Structures are given as C-alpha cells and as structure tokens.
Amino acid sequence: MSRKRSTDDGDELLARLGSLTAQARERAELQRTQVELAIALQRGMLPRDLPRRRGLRIAVRYAPACSGLNVGGDWYDAFTLPGGRIGLCIGDVQGHNIEAAAFMGQVRAGLRALATVASEPGTLLCRTNDLLLSLGSELFATCTFLRLDPATGLLESARAGHIPFVWATADGKSGVVDDEGGPPLGIEPCTEYRATRHRLTTGGVFVLLTDGVVEGPAMTIDDGLDQVVRLAGAAAVTGLEVHALAAAVIKGAESVGHEDDAAVLVVGHGEPDERP
C-alpha cells in the first residue's frame, strides 16, 4: 500500500509540474505575441519617408527597449507644412506596452492633422493637448515640436514636458537649448506653450532625442546630454554627415544602461542630402 501511495503521489506531482510548465509556456507565448504586436504597431506608425529639401539634412535612428514589454512609447516625425516649411517632432508616451503604442499613434496623427491648420509650435502643442484630453485617456505624452524654414534656417520650437534638444555650429560652439517648456500633453487643460526662435546656420545641427538616449541606471540625464553635446560639437566642426551623427548618438545610448526605447532625430543645414 505504501508503494502504491508513493507512486500515486509521484504521478500527482508530475501532473502538477506538467500543468505548471504548460501554463508557463502559455504565458511566455502570450508575452511574446504582445511584444511582437507592440513592435509592429510602433514600427507601422513611424514615418517611412522624410522630407527632402535643398540645404536640409535629416537623419533618424530608433532602438527598441532591451527587455520585456518595454516597447511602444517613443516616436519621431518629420513632414512638410503648408508654405514649404518643415515640421519636426519627437516624443515619448507614458508606459511601454500595446496601449502606449496605440496612444503614440493617436498623438502623432493628431499632431500632424492639427499642424495643417496651426503650425506655430506653441499653438500646435496647445491644441494637441486639448485634443488628447478630449479622448479621455489616462496616458500622457511628452513632445518637442520644431517648425523650420529651410530657405532661411529660421527654426521655432516648443516643448511639452520633453527633455531639451542639443545644438552645435560649424565654428565649434555647442550646448543644450535653454528654453521654457510646458507640462506634458494630456495632463492640464488650457495649457500654454511658449515658442522660442533659433537659427540653423550652415554646417550646424540640432539633435532631438528621447530620455532613453541620455538617462538610465548608469548615467544621469545631465551627463547623457553632455555626451550628446560633445558628439554634436565634434560632428559640426568636422563636417560629419548627419546619418553618422545620429548613429553615434544612438550608439551612445548603450552606455546609459537603459531598458527604455531610444529615438534620435538630427537636422542639419548645409549641402543637399541625397540619402533617402
């Protein structure tokens, strides 16, 4: 009898282990499917084509999160505005899951649509903020929007809770843009966002990025921004091509030890950029 009970106990244990293993496999498969769906959503919502104008150089880079479901929050965009100006934006949605990826698509689509009727950066962010609040989502997004006139190099910018961008000129000067930002989009109604003006000079660059590029367990945001400032300054002085600079900036994101998405958008003013 004792042998039979021992055999029955062993069979029961094996059955329980088999059930737990099957459940673990189902959860792993579900997580893998969710990750693939989130990545597909995000990749499908990022722009496939960038504006091309004589004297305008644009480059982008994106690196997905390192593990788990940490995907879906970051985006970039560049498109032509009425009158021939160029709209440039970069942002980060709260959260890293399928919902964040879907919300990112709403933010990007809403911003593009509103830019056709109100392209002044401060006004555009204000209207986008009101739109997101009307959707009733519990998520919010940070964003920087730039309006660039390729013919003159005049650039106007506004920020909604996003980290500042980096600038560099061909004469060796570089730094972090010191402007007044507002709260993230989708938090406070009737928010005003102040726009500031800059000049994109010949050989100069502006580098827009998300916090996954410059902030993580191994690096503070100030140290990360300093790293990008050095890269941008060296690139402007040596005439490094904007695609190479974007690649170097996203490569530097590996040193922050992040588990977040990372996006970079570089815009330069100089010779025509023939790369797609």
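Where a number appears in this text, it was derived from the coordinates with a stated rule and is not lab data. Computed from a prediction, not measured in an experiment: that's the story for all the values here. Here the Cβ positions follow ideal geometry from the backbone for every residue, glycine too, while neighbour counts run over all protein chains shown.
Within 13 Å, Cβ to Cβ, of SER255, how many net charges do the neighbouring residues add up to if Lys/Arg are +1 and Asp/Glu are -1?
Surrounding charge for SER255 is -2.
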Taking the convex hull of the Cα atoms, report for region 35-269 its projected area averaged over all directions, in nm².
-> 11.3
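How much net charge surrounds GLY87 when only other residues with a Cβ under 15 Å from its Cβ are counted (Lys, Arg +1; Asp, Glu -1)?
Summing Lys and Arg as +1 and Asp and Glu as -1 gives +3.
Classify region 48-162 from the C-alpha gyration tensor, please: rounded if a/c falls under 1.5, else prolate or oblate depending on whether a/b exceeds b/c.
The shape class here is oblate.
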Summed over the other residues with a beta carbon less than 9 angstrom from that of GLU120, with K and R at +1 and D and E at -1, the charge totals 0
Gain in span if fully extended, ASP49 to THR152, counting 0.36 nm per residue against the direct Cα distance = 34.8 nm
In nanometres, the difference between 0.36 nm per residue of separation and the alpha-carbon distance of ARG112 and ARG230 is 39.3 nm
